[in-house]
Amino acid sequence: MRTRLNKGRPPATGLVAVAAAGALLLSACGGDQPSSANPDGDGSVDAGEPVVGGNLTVAIPSDPQSLDAAVNPTQVAVHLANTLYEKLFDVDEDNQAHPMLVDDYTISDDRLTYTFTLRDDVTFHDGHPLTAEDVVASLERWQEFNRTGQMIAPDIESIEAVDELTVELTLNTPRYPLIDELASPGSEIFRAELIEDVGAEGFEQEGAVGTGPYQLKSWEVGQEIVLERFDEYKSRSEEDLGGLAGAKHAYLDTITFTVVGDQDALINGLLTDQWQHIMPTPDHYEQLKNDPNVVVSTLSGGDLNVIVPNHDESSIFSDKQARHALNLAIDKQAINAATGGSPEIVEEHGAFVSKDNVDFYSTEGSEVYEAYDPEKAKQMFTEAGLEEGDTLRIVTSNTFPQFNQWAVLLQDQLGELGYNVQIDPYDFTTMLDILQEEEWDITTLFFNGFLNSPQQMPPLTLGAMNSSGSPEMDQLLADYNAATSEEEAKAVVDEMQALVWEELPVIVLSSAKPWAAYSPKLKGYDDYWRVFWNSWLEE
Amino acid sequence: MTGLLLRRFRDLIIILLVVGTMMFLIIRLVPGDPAVAILGANAQPQELANLRQALGLDGALYEQYLAWLGQVVTGNLGESITHNAPVLTVIGQHIGPTLTLAVISTAISFCIAVAITTWYAVRPRSPLARLVNQSAPLGMAIPDFWMSLILILVFALTLRWLPTSGYTSLFSDPAAAVQSLVLPVAVLVIAQSALFTLTLRESVLGELTQMYLRTARIKGLTETQVVLRHVLPNALMPILTIVGTNFAVLIGGIVIIESIFVIPGLGSLLLGAIHTRDFPLIQGITLFIALLFVAVNLLVDLSYALIDPKVRVS
């Protein structure tokens, strides 16, 4: 049974928000087209009145296996966690942090003491009110078991509950990105009692109790997870922030996340209305884009497609000159055109984050990214000691077909310069192990480009894999944490970006735009991953 | 009979020990372990070491093996790393769909094979018999995945009679379950019934030349009675082995069908476990399938004894 409600977003506000987001992006991208103002996305502008009720079925590629967001960093788990739980702060569609469970907060003058006042009307799905104790227990566990938490732990002096609704976090050294880090996946606030003594293996189904707009109804492992509206949910008031921030209206009665691993089944199911939202691989973009019964839209963020040279002494690429020669030898445009799926979902830039990650997007070093000069490359290879007929070893994976495709194109491009390229494709886990155990020259990877603290970003911290890194980069990472203003932080980001293109820990090919295909019945969808509060199904 | 059972039980222990040990060694020889699979591309060495310790993967190989063996002997297959649950529980959650598919498709295929063969034995020259005769090899030759895609294209995407994929338990919603089972079962039935029909036909043809049939006919039995009462029971013996082995193969090997039709069965579970290097789960599933093979073979042997007095005597 569905009823019409009038409390949806007023259309005019929606329009303003889209325009504002566009303006933000315009200023950030130096005049390029805003990627999120997309003509196919339905957005909220002309979606009509929200309809309460119904079930939305969403296809996910695999079972999350654990709903403990603190220890499970996989994409599916993160997406489910976004709907089930909330954090002190959450990010909007431009990756900017806004208060979520926090009502108000102050930072001391020495930037060492953060005092968070929690909202007083928040309850967990099991009826318990949110208290400072829950926050302390969750963040203590975060420092112990979560990657971001572990990274920050050395800087944290203490986290204490001052009273029922006040938490005081004390640092031993100022940390500029702390609020952003508290808005990162894994820093969700759980019920203290339910996470007591839960280790790195994560809690079981009973622990999946949060403060989000939907609660866990059922979970058939390997098949489907059903979330149902949490009727006691008290929404924040800020409309139209997008992403995970601001007001959340649970229009749908239930959201069913169905596990569909096979790409053909995924698409066929959308076409026959078995499910209403999918995120397929890039090679299906054109097909679905041209299907009149499907809406296709690009989403926030982007995956960085990278070629990784091995900085270890066993490889020729320990020599910076050889790495720059490799960069000059790679025809990135040709590789992107052949493997990206469609120009609309390939952003050709060399930044170490996606374009809409506005705090970190920088065009420094773009001349190095754009340079392509095989002749000069050959000359530099020769100077670095690579002779014609020498063999380079690419270790890659066929788990992600594009990796193998890049490797083959690279083999071709380097082959034309007279070098032998040996390609060794493995399944992904084997590949990661081979990279640790054996000698190699080049590998292929992609990274999430929508993270919000430099220490989380693989291009800056890939040392454990390819022996990259330098005292200069370490210093810049420290400088960023010590920054006191947005301008200062941005200046450090520019320096980091320039250094990435000087040291070449990775060679960025492009940033792949994530995209979704969904039923025209799905309205109010914000083009933000698998977030479906504020969405409804048209009658 | 007791002797047979005891011998089989002894064989079972040996087989499980060999399979288990080989699996234990093979998956550890392959590069990559659960810690690498979980922590991904940018894992720090200390993180890897911590996780390996938490997962009990830091000891020497023989220590890990003895620990595992100690568990298995007490019937405990360990905890799945990715599913956060005992291996037996995880197998229990996934065996339902696979068993449903295997049982239904085997039963239907068997009935089809018997019906077709009976018809063929009674009316060998009828056009239908000839048609079936010609098309059975085709049924075996068509690859499963191709047949699946064609059936989906026709019945799900074009006619919209059936869902393109999915699985519902027969016990929770029988109507929806039947709908979702039609296409995968049809694919399996096409290949299996062809195999069973060809085997059974050979066997029936052999039986038809036997002298005792002349006696039956002289007694005044009709040709249908001859086939149903005398030929079929005798001709069924060889096909039981085929049905049994095939059933066990289905349990462990319908990965492709499960993947195309998004059925959360044992095959897809095993595939997922291999990708994530979930050692306890891989070992558990292989042991389970080995156990099933032996059990099915034992059942087939026992059924021989029931059907054929000669086996009992010998």
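The values are calculated or read from the model by the stated rules, or taken from the named source; none is laboratory data. Since the structure is predicted, the reported quantities are computational estimates derived from the model, not experimental observations. Methodologically, a virtual Cβ is constructed for each residue, glycine included, from the backbone with ideal geometry; neighbour enumeration extends over all protein chains shown.
What are the residues in segment A:209-252 that are more than 24 Å from A:Trp275 (Cα to Cα), modelled with pLDDT of 95 or more and of a type in the set (A, V, I, L, M), if any? Within segment A:209-252, A:Val209, A:Ala245, A:Ala247 qualify.
Annotation: of all residues in segment A:417-449 being touching a Lys or Arg at 6+ places or on another chain (Cβ under 7 Å) and surrounded by 19 or more Cβ atoms within 10 Å (Cβ to Cβ), the one that is farthest from the other protein chains (Cβ to nearest Cβ) is A:Asp441. Hey, can you tell me all the residues within segment A:157-181 that are closer than 11 Å to A:Arg111 by Cβ and not β-branched (Val, Ile, Thr)? Matches in segment A:157-181: A:Leu171, A:Pro174, A:Arg175, A:Tyr176, A:Leu178. Selection of segment B:74-97 for residues being within 12 Å of another protein chain (Cβ to nearest Cβ), buried (at least 16 other Cβ atoms within 10 Å of the Cβ) and part of a helix (DSSP H, G or I) yields B:Val90, B:Ile91, B:Gln93, B:His94, B:Ile95, B:Gly96, B:Pro97. Whenever a residue of segment B:166-177 is within 13 Å of chain A (Cβ to nearest Cβ), its partners that are in a helix (DSSP H, G or I) and not small (Gly, Ala, Ser), lying with C-beta atoms within less than 6 angstrom and at least six residues away or across chains, give the pairs B:Tyr167/B:Pro97. Only one of the numbered conditions (1) more than 9 Å from chain A (Cβ to nearest Cβ); (2) part of a helix (DSSP H, G or I); (3) of a type outside the set (Lys, Arg) is not met by B:Gly59, and that is (2). The helices (runs of 4 or more DSSP H) falling completely within segment A:137-200 that include 1 or more residues that are free of Cβ contacts under 8 Å to residues at least 24 places away in the same chain and closer than 21 Å to A:Pro73 by Cβ map to A:147-152, A:192-195.
Take the conditions (1) surrounded by 18 or more Cβ atoms within 10 Å (Cβ to Cβ); (2) modelled with pLDDT under 95; A:Ala200 misses just one of them, which is (1).
Consider only pairs whose beta carbons are under 6 Å apart and that are at least six residues apart or on different chains; among these, list those whose first residue lies in segment A:104-120 and is in the same structural domain as A:Arg236 (by the TED database) and whose second residue is in a strand (DSSP E or B) and of a type in the set (A, V, I, L, M). So the pair list comes out as A:Leu112/A:Leu171; A:Tyr114/A:Ile107; A:Tyr114/A:Leu169; A:Phe116/A:Val102; A:Phe116/A:Val167.
Filtering B:Gln64, B:Gln53, B:Gln71 for residues that are in a helix (DSSP H, G or I) and either within 13 Å of chain A (Cβ to nearest Cβ) or acidic (Asp, Glu) (or both) leaves a single hit, B:Gln53.
With respect to the conditions (1) modelled with pLDDT under 95; (2) away from every other protein chain (no Cβ under 14 Å); (3) on the phi < 0 side of the Ramachandran plot, A:Phe190 falls short on a single one, namely (1). On the given criteria, is B:Ala43 more than 9 Å from every other protein chain (Cβ to nearest Cβ), over 30 Å from B:Leu198 (Cα atoms) and not charged (D, E, K, R)? When the stated conditions are applied, B:Ala43 does not pass them. Note on segment A:252-347: enclosed helices (runs of 4 or more DSSP H) holding 1 or more residues that are under 26 Å from A:Gln223 (Cβ atoms) are A:263-271, A:285-289. Of the set (1) out of contact with any Leu (no Cβ under 7 Å at 6 or more places or on another chain); (2) at pLDDT 95 or above; (3) within 22 Å of A:Gly53 (Cβ to Cβ); (4) not aliphatic (A, V, I, L, M), all apply to A:Gln274 but (2). Of the helices (runs of 4 or more DSSP H) lying entirely inside segment B:186-277, those containing at least 3 residues that are of a type in the set (A, V, I, L, M, F, W, C) span B:212-219, B:232-253, B:255-260, B:266-275.
Kindly indicate whether any position in segment A:479-497 is in contact (Cβ under 8 Å) with a residue 12 or more places away in the chain, assigned to a strand (DSSP E or B) and either more than 22 Å from the chain's Cα centre (by Cα) or surrounded by fewer than 20 Cβ atoms within 10 Å (Cβ to Cβ) (or both). No, the conditions are met nowhere in segment A:479-497. Within the option set A:Asp303, A:Asp273, A:Asp253, being surrounded by fewer than 20 Cβ atoms within 10 Å (Cβ to Cβ) and on the phi > 0 side of the Ramachandran plot holds for one residue only, A:Asp273. A single member of A:Val209, A:Val226, A:Val296 is crowded, with 21+ Cβ neighbours inside 10 Å, under 26 Å from A:Ser184 (Cα atoms) and in contact with a Lys or Arg (Cβ under 6 Å, 6 or more places away or on another chain), and it is A:Val209. Where strands (runs of 3 or more DSSP E) sit wholly within segment A:367-449, those with at least 2 residues that are over 30 Å from A:Pro185 (Cβ atoms), over 25 Å from the mean Cα position of the chain (by Cα) and not β-branched (Val, Ile, Thr) occupy A:391-397, A:420-426. Counting the residues of segment A:456-492 that are under 24 Å from A:Asp92 (Cβ atoms) and more than 11 Å from chain B (Cβ to nearest Cβ) gives 12. If you go through segment B:178-201 and pick out every residue that is among the charged types (D, E, K, R) and within 14 Å of another protein chain (Cβ to nearest Cβ), you end up with 0.
Out of curiosity, is B:Leu221 surrounded by 15 or more Cβ atoms within 10 Å (Cβ to Cβ), without any contact (Cβ under 8 Å) to a residue 12 or more places away in the chain and under 13 Å from B:Val122 (Cα atoms)? The answer is yes for B:Leu221. Mind checking which residues of segment B:6-24 are of a type in the set (A, V, I, L, M) and either in contact with a Leu (Cβ under 8 Å, 6 or more places away or on another chain) or within 14 Å of another protein chain (Cβ to nearest Cβ) (or both)? Hits for segment B:6-24 are B:Leu12, B:Leu16, B:Val19, B:Met23. The residues of segment A:125-136 that are among the small types (Gly, Ala, Ser) and either touching a residue at least 40 places away in the same chain (Cβ under 8 Å) or surrounded by fewer than 20 Cβ atoms within 10 Å (Cβ to Cβ) (or both) amount to a single one, A:Gly127.
Can you find a residue that is in contact with a Ser or Thr (Cβ under 7 Å, 6 or more places away or on another chain) and in a strand (DSSP E or B) anywhere in segment A:452-474? Taking every residue of segment A:452-474 in turn, none turns out to be in contact with a Ser or Thr (Cβ under 7 Å, 6 or more places away or on another chain) and in a strand (DSSP E or B).
Being in contact with a Gly (Cβ under 9 Å, 6 or more places away or on another chain) and closer than 25 Å to A:Arg229 by Cβ is not true of A:Phe203.
Could you tell me whether any residue of segment B:186-207 is within 19 Å of B:Ala141 (Cβ to Cβ) and surrounded by fewer than 17 Cβ atoms within 10 Å (Cβ to Cβ)? Yes; the residues of segment B:186-207 include at least one that is within 19 Å of B:Ala141 (Cβ to Cβ) and surrounded by fewer than 17 Cβ atoms within 10 Å (Cβ to Cβ).
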